[in-house]
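What follows is one structure encoded as structure tokens, with my remarks underneath.
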């Protein structure tokens, strides 16, 4: 690896990312105090599917301290969405899930607003509802969006090249986004197989469980709209809000604020359009902050999925054919997802050589809480299916699961199941690193098992911006439109600029821009942050140096080619003299800036592999699973900050453990029943075993520093590794998440009964 001065050094967090947060000085949206701010609250539907017969708001409007009450009748015919615009600002005519927003109130304080909600009378006529994807696809199921094809954002065909299918609904259906990828001759591949194995895997809804609930503050000032919100994608928030309420995006300014956790869930506008309508109606700033009951009931959780796999295999373990049917329970609306869909179907085909493959996916509307994005959207679901399935194939063939993977892993020159070719494939090396670090082959105690799982994810693309400015007072300012959501991005950016300018990171001052600074920016999502932001920060630093040297040549009256930049000074080679660059700028009274802008579209052919090994013990008397040890190996490029990098790995693994063993947003008859952290369990430090990390470093990556993403890859394979370890320990297979003691006990009981 290349040796750097600052890059690759473990540094603590700067600029509000560390000390300000733990001391309570950091400012989040709810901490911003504008004079005269009102509190906004929402009324939610108790029914999963119902017609709204009547809404009476008279008593609520008459309550002292209430400034505005609005319903769907006050929102016009507008819809919003990050891709497909199918979400009404407030329900009109009917509600499609229990928890849907029906009315909103702005009042002097939260208590008065809640009293006003209690005074709103809504008469409903309950309608037949549908909750599961298979049920929703039957001819008898109620059609939830008969006008789907008329929604803005609906495309006529699949988004990706080489994919067959339609995005629109075919005839009258609750399904949309039907896509098919085919390679080779599937039936021929199955005919050539010695064994054909079929299984179905089910994953549950889970909430992102960020500390800060969704919060938005909006002030309408004449023709201008000022917004603060817990959004990692401020330009997306601006554009979605503008489209929802019929404004020009340029009229909306989204101001910087810290985001109290995200994990994929802070990209949708959620209540920003309603907050705008309340602010406009009252003439006052309005703050809306969900409580966690509302978050669980009406947020945008990770999707539940049903995945059917069918695989043909030779006796020696060679795969001949693989079929994927991937059904996504979209919930009541598609608008919380960019493009209206999630991935995961390709991941359910794995990272294995298979000459004949068919991957089919569909998103299905149901009368349940709408799904959104969560860390690696769709990928943990697909990886759980294929990596569990690979172990089941290995056991049927009598081959060790490690050996089966080694025989089938893709290598340089191979096509992925969906037809893609990757560069510098390090799947085998990553798997071997996990084996070496975990002691995979060591002797195990009774009812102790080890399980392997793998995955891959490339760094994301998008649009990024930055500027570096030299000031006459000696300050170096890095300008960025990125809002901090807790991953240490600001520290990484300071490291990059410090490396380029040959100064210490403490010399770099950050300036966080609002949405008027540049035309657009992708924000933080999809493991794109380090890729895009190291690229644009490097560009900006280098352009600033070029501009500074050009200015110096003009000021000093010498050729530019005799000048060089060295950290704190400019050197003149022809007369062997140097000058502090602040002195030069003080003389001219100018600041010198360099700009960085970068756009990367499409999936990168450079990816990062993950291999994980879980070690568990199982209590046969209770079915309780105890995670003893967890090893995770990652194919990485240049690591910018090892401290933050390891933090991302630890956090991703911890979320994966919750997904595997305990987390579930339970829905009964369409209603979310886990409405508090007392019912919705997430792992604590007591649930975390010994963690072992192995890194496979290389010069293969993206951007000027050859980086690879790490934000999402640690999460994907965790659940499958644990499920595989449970089967290795006691011989029972759990195909539906989470892997609870009750499920394991029931499976053991069935096993004992023959």
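Going by the structure shown, is residue 331 out of contact with any helix residue (DSSP H, G or I) (no Cβ under 9 Å at 6 or more places or on another chain) and surrounded by fewer than 24 Cβ atoms within 10 Å (Cβ to Cβ)? Break it down stepwise before answering.
Details: out of contact with any helix residue (DSSP H, G or I) (no Cβ under 9 Å at 6 or more places or on another chain): yes; surrounded by fewer than 24 Cβ atoms within 10 Å (Cβ to Cβ): no.
So residue 331 fails the test.
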Step by step: first the residues of region 715-738, then only those that are touching a strand residue (DSSP E or B) at 6+ places or on another chain (Cβ under 6 Å) and assigned to a loop (DSSP other than H, G, I, E, B), then the one that is surrounded by the fewest Cβ atoms within 10 Å (Cβ to Cβ). Which residue is that?
735
List pairs: first in region 109-127 and assigned by TED's automatic domain parsing to the domain that holds residue 52, second surrounded by 12 or more Cβ atoms within 10 Å (Cβ to Cβ) and in a helix (DSSP H, G or I), Cβ under 6 Å, 6+ apart or cross-chain?
116/60; 119/59; 119/60; 120/60
Can you tell me which residue is nearest to residue 164 (Cα to Cα) among those in region 400-413 that are buried (at least 16 other Cβ atoms within 10 Å of the Cβ) and under 29 Å from the mean Cα position of the chain (by Cα)?
410
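Collect the residues in region 657-686 that are assigned to a helix (DSSP H, G or I) and within 14 Å of residue 740 (Cα to Cα), keeping them in residue-number order. Full working, then the answer.
In the first step, residues of region 657-686 are kept if they are assigned to a helix (DSSP H, G or I); the result is 657-661, 685-686.
Residues satisfying the conditions are 657, 658, 659, 660, 661.
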Going through region 479-491 in order, the residues found to be closer than 22 Å to residue 238 by Cβ, touching a helix residue (DSSP H, G or I) at 6+ places or on another chain (Cβ under 9 Å) and not in a loop (DSSP other than H, G, I, E, B) are 479, 480, 489
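Can you name the residue in region 96-136 that is within 23 Å of residue 668 (Cα to Cα) and touching a helix residue (DSSP H, G or I) at 6+ places or on another chain (Cβ under 6 Å) and, of all such residues, is surrounded by the fewest Cβ atoms within 10 Å (Cβ to Cβ)? Before you say what the answer is, go through the steps one by one.
Let us first name the residues in region 96-136 that are within 23 Å of residue 668 (Cα to Cα), namely 96-102, 122-136.
Now narrow it down to the ones that are touching a helix residue (DSSP H, G or I) at 6+ places or on another chain (Cβ under 6 Å): 99, 130.
Details: 99: 26, 130: 24.
Among those that are within 23 Å of residue 668 (Cα to Cα) and touching a helix residue (DSSP H, G or I) at 6+ places or on another chain (Cβ under 6 Å), it is 130.
Condition test on residue 352, is it in contact with a helix residue (DSSP H, G or I) (Cβ under 9 Å, 6 or more places away or on another chain) and touching a residue at least 60 places away in the same chain (Cβ under 8 Å)? Walk me through it before giving the result.
On the way: in contact with a helix residue (DSSP H, G or I) (Cβ under 9 Å, 6 or more places away or on another chain): yes; touching a residue at least 60 places away in the same chain (Cβ under 8 Å): yes.
When the stated conditions are applied, residue 352 passes them.
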Among residues belonging to region 492-512 that are free of Cβ contacts under 8 Å to residues at least 60 places away in the same chain and outside any helix (DSSP H, G or I), point out the one that is nearest to residue 4 (Cα to Cα).
508
Checking residue 302 against (1) in contact (Cβ under 8 Å) with a residue 60 or more places away in the chain; (2) within 19 Å of residue 68 (Cβ to Cβ), the condition it does not meet:
(2)
Pull up region 493-509, narrow it to residues that are surrounded by fewer than 24 Cβ atoms within 10 Å (Cβ to Cβ) and under 16 Å from residue 642 (Cβ atoms), then point me to the one that is modelled with the highest pLDDT.
499
If you go through 452, 410, the only one that is touching a helix residue (DSSP H, G or I) at 6+ places or on another chain (Cβ under 9 Å) and outside the structural domain of residue 648 (by TED's automatic domain parsing) is 410
Collect the residues in region 71-118 that are closer than 15 Å to residue 278 by Cβ and in a strand (DSSP E or B), keeping them in residue-number order.
71, 101, 102, 103, 104, 105, 106, 107
Quick check on region 21-70: of everything there that is in a helix (DSSP H, G or I) and within 22 Å of residue 93 (Cβ to Cβ), which residue is farthest from the chain's Cα centre (by Cα)?
58
Assuming residue 710 fulfils every condition listed in (1) touching a strand residue (DSSP E or B) at 6+ places or on another chain (Cβ under 9 Å); (2) surrounded by fewer than 18 Cβ atoms within 10 Å (Cβ to Cβ); (3) part of a loop (DSSP other than H, G, I, E, B) apart from one, which condition is it?
(2)
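Residue by residue, here is whether (1) assigned by TED's automatic domain parsing to the domain that holds residue 391; (2) under 26 Å from residue 131 (Cβ atoms) holds:
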| position | (1), (2) |
| --- | --- |
| 253 | no, no |
| 275 | no, no |
| 293 | no, yes |
| 319 | yes, no |
| 322 | yes, no |
Which one of these is assigned to a strand (DSSP E or B) and within 30 Å of residue 730 (Cβ to Cβ): 622, 599, 610?
610
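Quickly run through region 443-463 and pick out the residues that are modelled with pLDDT of 95 or more and in contact with a strand residue (DSSP E or B) (Cβ under 8 Å, 6 or more places away or on another chain).
In the first step, residues of region 443-463 are kept if they are modelled with pLDDT of 95 or more; the result is 443-456.
Selection gives 444, 445, 447, 448, 449, 450, 451, 452, 453, 454, 455, 456.
The values are calculated or read from the model by the stated rules, or taken from the named source; none is laboratory data. Everything numeric in this text was worked out from a predicted model, so none of it was measured. Counting neighbours? That spans all protein chains shown, and the Cβs are built from the backbone with ideal geometry, glycine included.
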